[in-house]
């Protein structure tokens, strides 16, 4: 049993209840119940009680929540019998009327009947303990709840369906094959090993399996860079000289009028931001004040803030006014950013945009070799599809998701730990070192993978992970 705050603890079987939806002005509020004798306890405050007690699993019962003979709310109760439930225990989902008052009244009755408030993530914790979910599927539950885009949702669902668990188990099987071969040699005494076997004792048996496992682990490790983008998003700053069309592009990408657009240079005095999905990537899009020297003290503050945002951004969309052509400020910015163009997206590279393409000529020769601005009309929307592709390319996103990918930083650290141990084992094998030095490293790699799925875990790991979940999950 795990410790927790107050008298409640992860790991006990006591009946728990929690809101699965946020109470408020809505048609319905859902309250989830689970635990030992959960259905019997619920029946004690339900009318008619025999309907619940006799109900089969995966059925819905209509009735009333009652307290001291008084009706509290008319509800529908979905019954789930162990082990065929989310938690693996007897469970019930109560659909009561929406609104803060109705849900609170039902929760008060449930607690008077013997239910306690569920801890954060306790329903999913019980699903893990009862073998309904492994760690990777458990974590994907919160990934799904937190998904900011359709792509993020699809990737979380893939992990919930077991894609990562399957990949980890297959890699672990390969490592166990290599480990078992090494341990066979170690189980025999020196006088039982033939000359040929003794010569091979310094070489890693099933080496090909270990090499194949390492390749798959490195591919998994690399997948976190993309998955982190889908989960956390990136900061993209729109920059450029005054009146280059930054606010118009901001509105076009948002598909709504958020920034004020006029023909007067310097209209935008401060930055404005909004979240938008671009090619499935959650983007924190920021419209900034035009970059120029100005005697206006208020505008100058906005310009300085814009320059700070450029330093913090992961990607800059730099607009060039196609009607005016390249200015000295545009050339100066392009040359300063030249050293960043070959870096990864984390180092704030730039996508250059030739705006006002509907009223301007073709883009002029650019001051950076190999860089061609994306031709766009923020006013008409022409060229936006090409811009979306340029943004995805800049952050190294493609439309072909990996069959299995990592979903949390915890998983990434453990995969990297397994990679490090396996790399060390193969290096020792290459140097002809004895297997009694190699085998522990293989075991370390296997244990790291077991910790990803939860096969290897401790009370502290369990509580730390599930306590980050929202209540009701």
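The values are calculated or read from the model by the stated rules, or taken from the named source; none is laboratory data. Predicted model only: the values in this text are computed from it and were never measured. When we count neighbours, we look across all protein chains shown, and the Cβ atoms used for this are built from the backbone with ideal geometry, even at glycine.
Here residue 317 meets each of (1) modelled with pLDDT of 65 or more; (2) out of contact with any helix residue (DSSP H, G or I) (no Cβ under 9 Å at 6 or more places or on another chain) with one exception, condition (2).
Among all residues of the stretch 427-440, there is none that is part of a loop (DSSP other than H, G, I, E, B), in contact with a helix residue (DSSP H, G or I) (Cβ under 6 Å, 6 or more places away or on another chain) and either in the same structural domain as residue 240 (by TED's automatic domain parsing) or surrounded by fewer than 18 Cβ atoms within 10 Å (Cβ to Cβ) (or both).
Residues checked against (1) assigned by TED's automatic domain parsing to the domain that holds residue 276; (2) modelled with pLDDT under 90; (3) under 23 Å from residue 415 (Cα atoms); (4) crowded, with 19+ Cβ neighbours inside 10 Å:
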| site | (1), (2), (3), (4) |
| --- | --- |
| 154 | no, no, yes, no |
| 159 | no, no, yes, yes |
| 170 | no, no, yes, no |
| 177 | no, yes, yes, no |
| 182 | no, yes, yes, yes |
| 187 | no, yes, no, no |
| 190 | no, yes, no, no |
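Annotation: of all residues in the stretch 393-426 being surrounded by fewer than 17 Cβ atoms within 10 Å (Cβ to Cβ) and farther than 23 Å from residue 214 by Cβ, the one that is modelled with the highest pLDDT is 393. Determine whether residue 105 is closer than 18 Å to residue 469 by Cα and either surrounded by fewer than 22 Cβ atoms within 10 Å (Cβ to Cβ) or within 19 Å of the chain's Cα centre (by Cα) (or both). Taking the combined requirement at face value, the residue does not satisfy it. Just the residues that are surrounded by 15 or more Cβ atoms within 10 Å (Cβ to Cβ) and part of a helix (DSSP H, G or I), please, taken from the stretch 378-388. Of everything in the stretch 378-388, those that are surrounded by 15 or more Cβ atoms within 10 Å (Cβ to Cβ) and part of a helix (DSSP H, G or I) turn out to be 384, 387, 388.
For residue 120, the conditions (1) in a helix (DSSP H, G or I); (2) in contact with a helix residue (DSSP H, G or I) (Cβ under 8 Å, 6 or more places away or on another chain) all hold with the exception of (1). The numbered conditions (1) closer than 23 Å to residue 10 by Cα; (2) under 22 Å from the mean Cα position of the chain (by Cα) are all true for residue 158 except (1).
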